[in-house]
1. All but one of (1) within 12 Å of another protein chain (Cβ to nearest Cβ); (2) without any contact (Cβ under 8 Å) to a residue 60 or more places away in the chain; (3) assigned to a helix (DSSP H, G or I) hold for residue A:171, so report the exception by its number.
2. Answer with yes or no whether residue B:201 is crowded, with 24+ Cβ neighbours inside 10 Å, away from chain A (no Cβ under 12 Å), under 20 Å from residue B:325 (Cα atoms) and in contact (Cβ under 8 Å) with a residue 24 or more places away in the chain.
3. Sort out which residues of the range B:275-296 are facing another protein chain (nearest Cβ under 9 Å), under 28 Å from the mean Cα position of the chain (by Cα) and closer than 18 Å to residue B:222 by Cα, and write them in order of number.
4. Could you tell me whether the range A:55-63 includes any residue that is in a helix (DSSP H, G or I), surrounded by 15 or more Cβ atoms within 10 Å (Cβ to Cβ) and touching a helix residue (DSSP H, G or I) at 6+ places or on another chain (Cβ under 7 Å)?
5. Quick check on this structure: which one of A:188, A:160 is part of a helix (DSSP H, G or I) and more than 15 Å from residue A:221 (Cβ to Cβ)?
6. Quickly run through the range B:629-660 and pick out the residues that are in a helix (DSSP H, G or I) and in contact with a strand residue (DSSP E or B) (Cβ under 6 Å, 6 or more places away or on another chain).
7. Please state which one of B:204, B:159 is part of a strand (DSSP E or B), under 29 Å from residue B:940 (Cα atoms) and touching a strand residue (DSSP E or B) at 6+ places or on another chain (Cβ under 8 Å).
């Protein structure tokens, strides 16, 4: 709860207490609000005037005299004040002091490690240090294995992983040729039977459910290792293009030679036939 | 009436044009092609052939035309006509192969005769009046004909869905729309020509005429054909273009081809007459591949001192081509597989050789023509010979020698397995047909494999000729031939002189003797008109008393029909302590003995340098020598002067000396091939030194690693510790701090770097063949190879490592051996951890190749082969469907062929019951695959690795699940079918011969009861009596061919297949 809300709550309570003291039993919400506003603005005005009076007198903080003078300036009857305080003191309503709120600790997302405590010269209310890893420097202890052999091994393993991932992805999404045909068929049969059994237990048959195929394939893949599968070779209308021009062989485009300088009959433009004359 | 070619050379008329038996001469032919419909696979055409009768009385004009060409009577729309001088003429079509089926014998012996006779009826070389289309000269034109004035035959024709000769490639999207890159092109389905399958013409090599070709196609397309492009013009509706070509150099129909399609042109900046055409998207590849062509032209023009004969040169790179190179006059159609990317180094030598070979064929074959089929070998040999010199110039003498050695071995391997190759069989003799299972005297009946070997043997023979005559005289001969052709090609108005542009075997050798003054009767008889190769078994010993080497040379010509009995000189070079001495011995019988005088006299104590044949002097450590003999080593026919195979016996230390100190790469290779017979720590050490020595030719070093494997395998029991090859690899390629991790790849185009690169591919494959005493792969090697694959790092490399990775996966596949105990193979759990690791690598490689294809799919192909190995060795269940998946149309051609090869191998080597169905399906692919390249490749593979071999008794007929009567019937139907593609037919005849021999197949001769019985008995495991076994081959000499020769050949072939390094150049 913000400070303003606490103050306005106290103001409302105070206003309501004033009303009660004045003899009212109940007060309308809107009226109370209006009253609170009026009292607030009155109080603020009083405080301002007091402050100005104090500054006019060469002081930084107002004293009771300043306040009284301000009240007088605003048209208040100061002489009645002691009586009012005497009368209202008895049986008056006590407004409890607002409870000090326990600061709800906002959970920092992803805090890693413990922030360093503030040094002695830094006040506690300043925000804590950020995550240690963002500014802490630690000396490397023990040499990482950067030998030639290790690097080559890692590079090879990485290449292999990339290739394998691509291969497995393609195997799971496209058609394949089994190397163990009979075995794979029997596994597939078993998978089908199992799925049918599961379906039978569920008793909800959705003919459009594509999950059936998925699970069957998944079951087969689990039992038949990937190295027993060949990707179905893709037929193309011009297979020589992919076989002769690999994507790795990107062309460095050399500027075209001046073809116009070469006299070759095939480069000449064809003759346009003489149109037969048309007679009416 | 036959031409005079059958007669002896000297009698042949010098000017065949004067007294020719030809009835007419073609002067010119005009071709109009329009309505090119790529999706409908058809086009329409009109051709006008101008002929002149050679003598009065011409009433019939006979042309060649294939069964797929629709002539006016077959065409529905329009008013198609066949006219002579604009008068409608009657015509008759003949189908020569309508009746090949024959009786129930189904034997190749009688089929060969029948087929040859049928093919001869349409071969106008045999008699000028043979052909598929007979046009009756209308009465109105008789006067013209009798006055020997020109006659113009106009023919409207259509070609729709041709089965051979023309191929259409139409990439279509999912919605059936035509995509970019549609094209069509002509190819040779026959050995010499298949122009007749899309154009009525006189389809023989020797008939030259002038051409004018107009092709109208869609504006988006380009039409390329032989001749000079005169003009391109829009049609009036502006939706089509007409390309007008003119061929001013007399050319035969054989050398006319065309291509139409969506091509991007690139022009060689240095030579604007050379245009290359690429399919959309491949422009940069074509530009890069063709970049060095100007040097090729320069080389050949300088070599032959003759300018390029045609006004322009066009190269078109097409998809699904049947051959890597198809040469037409001024136009070459290449397969896409010839292209290389600038990041791929492996293909460069091969591709450049092919591009050069194509240019060489422009000179010999397209410009200078063979006068008939029987002389085609000469032109092909000359173009190959010139290409060989290109190899020598650009790739070095060692490469050239290595190449020649390979040519030689493929010749004697073929001859040992199939029979003799006659370079120029005489028309009048049946000798060639008697020796072979087909008749090589007609291009239609000749086997395509034979034709290929023919050109190789010819190439080798031309080189022999060069060695005999000297290089300069030979080039004077070639120059003379080219000059004469050049001169007569200018004579556009003297058609009779065009004949001078053709060369026959006789006229060639006549020119040889005119220019050089040498007659070569023995050479001609032995190597040109005769078939077979020489086979020498050479033994020798040193006789100290006489100070002589006593040499014994044995030939066994009767052992197989591919051998000849050689009589004549033979060079023997003896390297002695005092130098190298050449002796020429005369071979006069199947067994001959010779004494060779030695020159060195016991001066071995003195430390002295030893002179070699190259003139160099070397210090040689002589401690291993036989103390009595001064002979360091001995070589027989070192300069490849004969078509021969040599089995030389010499002691192991001499082989080692030869390997270490002889500079000739062939000598080193020969030692490496022989040394594995002598496994010892000493030979091991010698070979290790070779692998390690970077002064040695890289191919020798690669070969050495394989020899080392062989030796190590023979010494498996005695050897402990890690294999030596791992250490070599670590030393050469390992990183400094941890040798088992190879350095990141960094290829460079320097000779030392390339040598290391090729060795880097060979060594892993060699070590993968290492086996321990149990016959399984070494665990160290397996682990090391997995490491090589895992740590391979190409991120910093300028070049692609696809071929290297492919080599590693091939090596990994080779490590797979039979499991020690056969377990349940149908379950993944039954795999051993090593096999799981192998399989994991292979499937990952293959899957990644599917997702991110390597260049030419080499990695995927290697991985697929590895998976096949795992199936064959019983680690995975045998499942042909896996390979069928990769053989389906729509995948890259090389991948498909590799998968089909595996299936062929499965049928060839496996006796499981699935093979029958696989074979059935393979035959369907052979018959009806959309890609003719795949059809031919597969048919060829079936002949090279037949489903079963008639030679092996366990395999023949009854006890083989694949061998059924239905199979015989099915293959026979293809062979005897009238519409069968001629190359497919040729290959299948070879396969049939390999399976059943030349007689009637055993399964056919057995009664049904016998058949069932023998099948039953074989099922029981008893040796089948096979009642009809003797009849599988009617020829005695055939069955005496040792099965070993075939097997060893196969084995070598398959190991060579695995090795990218050993790929065939010019094959």
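1. Evaluating residue A:171 over (1) within 12 Å of another protein chain (Cβ to nearest Cβ); (2) without any contact (Cβ under 8 Å) to a residue 60 or more places away in the chain; (3) assigned to a helix (DSSP H, G or I) leaves (2) as the failure.
2. On the way: crowded, with 24+ Cβ neighbours inside 10 Å: yes; away from chain A (no Cβ under 12 Å): yes; under 20 Å from residue B:325 (Cα atoms): no; in contact (Cβ under 8 Å) with a residue 24 or more places away in the chain: yes.
No; evaluated as a whole, the condition is false for this residue.
3. Result: B:275, B:277, B:279, B:282.
4. no
5. Details: A:188 fails: more than 15 Å from residue A:221 (Cβ to Cβ).
Result: A:160 is the single residue among A:188, A:160 that is part of a helix (DSSP H, G or I) and more than 15 Å from residue A:221 (Cβ to Cβ).
6. Kept after step one, since they are in a helix (DSSP H, G or I), are these residues of the range B:629-660: B:652-660.
Hits for the range B:629-660 are B:654, B:657, B:658.
7. Details: B:204 fails: part of a strand (DSSP E or B).
Exactly one of B:204, B:159 is part of a strand (DSSP E or B), under 29 Å from residue B:940 (Cα atoms) and touching a strand residue (DSSP E or B) at 6+ places or on another chain (Cβ under 8 Å), namely B:159.
Here's the yes/no breakdown for (1) at pLDDT 90 or above; (2) touching a helix residue (DSSP H, G or I) at 6+ places or on another chain (Cβ under 8 Å); (3) under 30 Å from residue B:971 (Cβ atoms); (4) crowded, with 17+ Cβ neighbours inside 10 Å:
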position: B:76; (1), (2), (3), (4): no, no, no, no
position: B:79; (1), (2), (3), (4): no, no, no, no
position: B:85; (1), (2), (3), (4): yes, yes, no, yes
position: B:90; (1), (2), (3), (4): yes, no, no, no
position: B:145; (1), (2), (3), (4): no, no, no, yes
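The values are calculated or read from the model by the stated rules, or taken from the named source; none is laboratory data. On a predicted model such as this, the values are computed, not experimentally measured, just so you know. Cβ: placed from backbone, ideal geometry, glycine included. Neighbour counts: every protein chain shown.
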